[in-house]
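The block underneath contains the structure these notes are about, expressed in structure tokens.
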Amino acid sequence: MPELLELRDVSKSYPARRGRGRGLRAVAGASFTLAAGETLGLLGESGCGKSTLARLALRLIEPDGGTVRVAGQDFTGASAAATRRLRRRVQIVFQDALSSLNPRMSVGVNVAEPMRLQGIGSEKERRSAALELLDLVGLRPEHADRYPHEFSGGQAQRVAIARALILRPDVIVFDEAVSALDVSIRAQILRLILDLQQRFGLAYLFISHDLGVVKRISDRIAVMYLGRIVELGAAAEIYRAPLHPYTEALLAAIPVPDPRRMRVRQLGVVEGEAASPLDAAAGCAFRARCPHRMAVCDQATPELLPVLGRHDVACFLHTAPPPPERKAA
Ligand SMILES: Nc1ncnc2c1ncn2[C@@H]1O[C@H](COP(=O)(O)OP(=O)(O)OP(=O)(O)O)[C@@H](O)[C@H]1O
Ligand SMILES: [Mg+2]
């Protein structure tokens, strides 16, 4: 069975601000796959490139290199017609649903908008599809005629999910989609997200800072550091026995939950200075903060390689360093 979504060695740099210096390498050769019905959680501290990776997967931005495949078909090099067709299959829900909706359109029209953009159905058919989707996400028919500003954060997130579903995609990317919600609302939306997955066999790429949420929802987890995926494996395996020192530090930095304060589990801040993402020189990007730094970590960049079955890690503690490069004459 072909993977529903496959990113292979994709990279993306943003131009230097005000034309000074080198560009910023937001994603540096990331690869992952997503199969029907599975959830891949994407973890990593702010600025490591999670949203950039998500945008690349949807082709909201074009990669500098690498390929994106949707249902086995090349998305990166697709014709305009094929692009349009493939775009239906991968949808996204953002953190701030309210600002992702058009404030001048009713919620019903917002939900049906992807159909209109794809040239699907008559106005009447789109309206009835929108009503069906609103019902599916737990909203009432009368909500269709209200405007986004009349909705609470949780309701707006339901609307965004309805809109993401209306083209019957195979894959939905959630980019911090529950992060801004109160704890109780977050639990409701997560339940809805899990329900919908069961019902439609959807594959999810689930980006979140919240370790508890990612652990609960993910089958596999990818950990990103400065534009690279440094560890990828089964969620239970990653939480039980993380291999990369960065993952270890992330998990160890979970604040102890204090029931009296109902503190939300957040990614802890890992000590030490992050290397500059501008620094494209050879060497492991994590070495400056790594307690296990070895000589080879300064000389070569570790690749993401399988070490224990399907558990992959980019770290010379676990994988053999590459043979020394021969100097070009
Ligand atoms: N449009 C842009 N132009 C220039 N730099 C950008 C742009 N978008 C993102 N960046 C930079 O690229 C890097 C990766 O950003 P990205 O938004 O992908 O990170 P993130 O992991 O999603 O962070 P967060 O957890 O805060 O959402 C950051 O250094 C960011 O400042
Ligand atoms: Mg982001």
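Only the coordinates and a few stated rules stand behind these numbers; no lab work does. All values derive from a computational prediction rather than experimental measurement. Positions of Cβ are backbone-derived with ideal geometry, glycine not excepted, and every protein chain shown enters the neighbour counts.
Just one of the numbered conditions (1) surrounded by fewer than 18 Cβ atoms within 10 Å (Cβ to Cβ); (2) within 14 Å of ligand 2 (Cβ to nearest atom); (3) within 24 Å of HIS311 (Cα to Cα) is not true of LEU60; which one?
Among (1) surrounded by fewer than 18 Cβ atoms within 10 Å (Cβ to Cβ); (2) within 14 Å of ligand 2 (Cβ to nearest atom); (3) within 24 Å of HIS311 (Cα to Cα), LEU60 violates only (3).
Hey, any hits in region 115-134 for a residue that's under 30 Å from GLN73 (Cα atoms), small (Gly, Ala, Ser) and touching a residue at least 60 places away in the same chain (Cβ under 8 Å)?
No, the conditions are met nowhere in region 115-134.
For every residue, the table says whether it meets (1) surrounded by 24 or more Cβ atoms within 10 Å (Cβ to Cβ); (2) hydroxyl-bearing (Ser, Thr, Tyr).
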residue	(1), (2)
ALA187	no, no
PHE200	no, no
ILE207	yes, no
ARG220	no, no
ILE229	yes, no
TYR239	no, yes
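Could you tell me which residue of region 21-55 is farthest from ligand 2 (Cβ to nearest atom), considering only residues that are of a type in the set (A, V, I, L, M) and not in a strand (DSSP E or B)?
Per the stated criteria, the residue is ALA36.
Among the residues of region 43-91, which ones are within 16 Å of ligand 1 (Cβ to nearest atom), out of contact with any strand residue (DSSP E or B) (no Cβ under 7 Å at 6 or more places or on another chain) and not hydroxyl-bearing (Ser, Thr, Tyr)?
Residues satisfying the conditions are GLU45, GLY47, ARG55, LEU60, GLU62.
Does LEU53 satisfy the condition of being crowded, with 23+ Cβ neighbours inside 10 Å, within 21 Å of the chain's Cα centre (by Cα) and under 16 Å from VAL171 (Cβ atoms)?
Considered against the rule, which asks whether it is crowded, with 23+ Cβ neighbours inside 10 Å, within 21 Å of the chain's Cα centre (by Cα) and under 16 Å from VAL171 (Cβ atoms), LEU53 comes out as yes.
Assess whether ALA112 counts as being crowded, with 21+ Cβ neighbours inside 10 Å, aliphatic (A, V, I, L, M) and within 16 Å of ligand 2 (Cβ to nearest atom).
no
Restricting attention to region 76-95, and to residues there that are more than 18 Å from LEU202 (Cβ to Cβ) and in contact (Cβ under 8 Å) with a residue 12 or more places away in the chain, which single residue is farthest from ligand 2 (Cβ to nearest atom)?
Filtering first and then ranking leaves ARG84.
Look at region 91-124 and say how many of its residues are of a type in the set (Ser, Thr, Tyr) and closer than 17 Å to GLY153 by Cβ.
Count: 2.
Which one of these is surrounded by 14 or more Cβ atoms within 10 Å (Cβ to Cβ) and either in contact with a Leu (Cβ under 7 Å, 6 or more places away or on another chain) or at positive phi (or both): ARG88, ARG127, ARG146?
ARG88
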